[in-house]
1. Only one of 155, 177 is modelled with pLDDT under 90, buried (at least 17 other Cβ atoms within 10 Å of the Cβ), under 26 Å from residue 100 (Cα atoms) and of a type outside the set (D, E, K, R). Can you tell me which?
2. Which residue out of 54, 132, 76 is under 25 Å from residue 160 (Cα atoms), in a helix (DSSP H, G or I) and among the aromatic types (Phe, Trp, Tyr)?
3. Of all residues being assigned to a helix (DSSP H, G or I), out of contact with any Asp or Glu (no Cβ under 7 Å at 6 or more places or on another chain) and hydrophobic (A, V, I, L, M, F, W, C) in the range 237-261, which is surrounded by the fewest Cβ atoms within 10 Å (Cβ to Cβ)? Just the residue, please.
4. Which one of these does residue 369 not meet: (1) surrounded by fewer than 24 Cβ atoms within 10 Å (Cβ to Cβ); (2) outside any loop (DSSP other than H, G, I, E, B); (3) under 49 Å from the mean Cα position of the chain (by Cα)?
5. Please determine whether any residue of the range 3-12 is out of contact with any strand residue (DSSP E or B) (no Cβ under 8 Å at 6 or more places or on another chain), at pLDDT 85 or above, surrounded by 18 or more Cβ atoms within 10 Å (Cβ to Cβ) and not polar (S, T, N, Q).
6. What about residue 87, is it farther than 23 Å from residue 139 by Cβ and touching a residue at least 24 places away in the same chain (Cβ under 8 Å)?
7. So is residue 329 over 44 Å from the mean Cα position of the chain (by Cα), within 30 Å of residue 225 (Cβ to Cβ) and not hydrophobic (A, V, I, L, M, F, W, C) or not?
8. Give me a count of the residues in the range 146-192 that are among the hydrophobic types (A, V, I, L, M, F, W, C) and part of a loop (DSSP other than H, G, I, E, B).
Amino acid sequence: MKLKILVSSIILFTTNAFAQTVSKEQFMEIKKRLPIEKDAAKKADLLYQAATYYVFKEGTFKTDLDSAALYNSRAYKINKELNLKKNITQCMVLNGEIIGQRGNMDKATLLKTKALNYALSNGLKKEGAAVYISMASDVNDSEVAKKTQLFENAISLYRQAGAPTEVAEKYFELARIYNNIDDFAQCIKFIKQAIKIKKSIKKHDLYREYIMLAQNLWAMGNYDSAIPYALEAEKMAENEKADAEWLNHIYNILGILYGELKYYNKSIGYYRKAITSAKKNNNTYSAEGAAVNIAMTLNSIGKNQEALTILNNEVNYYPGKDCNVNFISVYILVYCKLKKTNKARPYYEHLLKCNINDSKIITEQKAAYYAISRYLIDTGQANNSYDYIEKLKRLASANNNIMEYSLSEITHFEADSATGNYIGAIEHYKRYKTLNDTIFNNNSRKQFNNLQLKYETEKKDKSIKLLTEHGKLQDEKIQNATILRYVFIGSLGVLILFVALLYNRSRLKQRTNKKLQLKQQQINEQNDQLKKLLLEKDWLLKEIHHRVKNNLQIVISLLNTQSAYLDNEDALQAIQNSEHRMHAMSIIHQKLYQSDNMASIDMSWYISELVNYLKECFTTNRKIVYKIDNEQLDLDVSQAVPLGLILNEAISNAIKYAFTTKDSGQISISLKNLESDTYQLIIADDGVGLPEGFQSIKRESLGMDMMIGLTDQLDGTFELKSNNGLTIIITFTKK
């Protein structure tokens, strides 16, 4: 009997409290939605998702953690304002996760404990359970008891919250943890609890639980119980259309079970299905593992060269590549069976360097100990094989695995035979036969055959049902084909009539098309004329704006010339004010004739231009700072001109009168959108403000009356505020 080093695609599992992971594509969509999201709660959720993306993305760097912290703090602030307690807990836990990834595990634990206390004090059972799971992810794998206790705490909270699905899932994750450290009894205990709960809530997707149960029962040598679960897992997985990774795992376990019960053809068949499934999932390692299993099965039944061909074609491995104990061991066994121990030697020497005794995976230790003892026996060094045989026995005894114990006894028999200890050899052979007969007694094989027959019958019944349905479909197709034949004959006659009518219509259409072509030609000529007229219109509009601008400049020049002949200070002031007003309008017409867009003026640009002009016009010893804060706004001429004149008047007055008692000051201009098409213009200074009682006395100010009148033209509202300076507020609607 030979040990089969059956490399299964054992799925290793990790625990993550954050079930919702964000892909790169989802993150890009989140970034698009964030600036435009108006709902505060939804915005907070988007920020939280963005933070989780940076925390759990592959290859996280310090800059990623900085981004995660920024997004999470913004989400926390909004959730705090809205008092969304569940979301607050999530942000607190994620903050602990970020700190932990920065390397400060003590502070991370403190933050997560704070999150746990917050959740429990607010009656948030599910969120508290999620905190426990997050804490468990920080615990070292070697501290299994501590990790288990945290899971048990989470499960208790999920039970209190009435969440059986989450309870079952956490038991399954606990089973994964013990599966990964080869603690088969504990794994079976937790997986059975998960199955019991899922059955109680009528959940039938149990293939993950069943195959893990089968895997651990097999590892303990309990084949009679393992096979039914494995077959049931296969049926469920195929019905549920499970992903390729799980199917690959199920096929591998079934291959192992059939192989160890000497159903070699079925074993190889399942391994080939596992290879197909692994390649479909681009899982090269699992495909190679299944190929190694096929090679060992072929080696067990004496097809040694075929086994070597499989290894050479399907497995990319050579001595010294790495310490993949299972792969190395297979090559040793195959070459020893082929009597090519010289080729097995490099693999043997490499295996000795792999620290086998430190391996936490028991299946690797078994494979290595058997391969080494086999090589030593076949190369005349049987005396050195006993230590490895004893290690095999201890592993078999620890797991109560009769199959492995039987294997160690036959190996011991071969070692004793090679060293001349024939009495010991006979004793070990007797034990081997007893153990082997126990495994393969008639009742067990009959029970297994009945189970296999039942499973195959179910599959055949399913196939018969599918064939029956297929036959009904075929009958329907034949009946439909007959109907279609008659329909076709009738349709052919209708088609001939239709073709005749179509030909007649075609002749009519040709004549109509000629008429339409003539009309289209006339329309095209008219369109060309309209395009020319449109170009001329645009040119004329530009010319009008240009001339208006020039005329305004001429008026400004005339006013400027006239001022040279005036001594009256009030008259000079009036002329200068008129010049500024003319220039305010001139800027608008200049922009219109220089731009391709003659429909509107960009007021943000216009305000900057006007402020620069007024700064140059007024010479003053005072230091005045201009603060401009505008949003994009395009206005047509009918609104731009009065708004420009208001701006000119307000800024000029502020420069001249606001800072008479100060050496410096600030003038602020703000144009903002309030809602829809409503805008607000604010011109404010921090000067002396208006005299007391200004609103109640009769105003004799042309500038103030002009601003009020221009505001009426805008259909807006005019408001004055005198508090630490003067503020003029114009609210209007864009037309």
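The values are calculated or read from the model by the stated rules, or taken from the named source; none is laboratory data. What you see is a predicted model, and the numbers here were worked out from it, not measured in a lab. All Cβ positions, even for glycine, are placed from backbone atoms using ideal geometry, and neighbour counts span all protein chains on display.
1. 177
2. Of the residues listed, the single one that is under 25 Å from residue 160 (Cα atoms), in a helix (DSSP H, G or I) and among the aromatic types (Phe, Trp, Tyr) is 132.
3. By that ranking, first place goes to 244.
4. Evaluating residue 369 over (1) surrounded by fewer than 24 Cβ atoms within 10 Å (Cβ to Cβ); (2) outside any loop (DSSP other than H, G, I, E, B); (3) under 49 Å from the mean Cα position of the chain (by Cα) leaves (1) as the failure.
5. Keep residues of the range 3-12 that are out of contact with any strand residue (DSSP E or B) (no Cβ under 8 Å at 6 or more places or on another chain), which gives 3-12.
Next, only the ones that are at pLDDT 85 or above stay: none.
Within the range 3-12, none of the residues are out of contact with any strand residue (DSSP E or B) (no Cβ under 8 Å at 6 or more places or on another chain), at pLDDT 85 or above, surrounded by 18 or more Cβ atoms within 10 Å (Cβ to Cβ) and not polar (S, T, N, Q).
6. On the way: farther than 23 Å from residue 139 by Cβ: yes; touching a residue at least 24 places away in the same chain (Cβ under 8 Å): yes.
Yes.
7. Spelling it out, it is not the case that residue 329 is over 44 Å from the mean Cα position of the chain (by Cα), within 30 Å of residue 225 (Cβ to Cβ) and not hydrophobic (A, V, I, L, M, F, W, C).
8. 3
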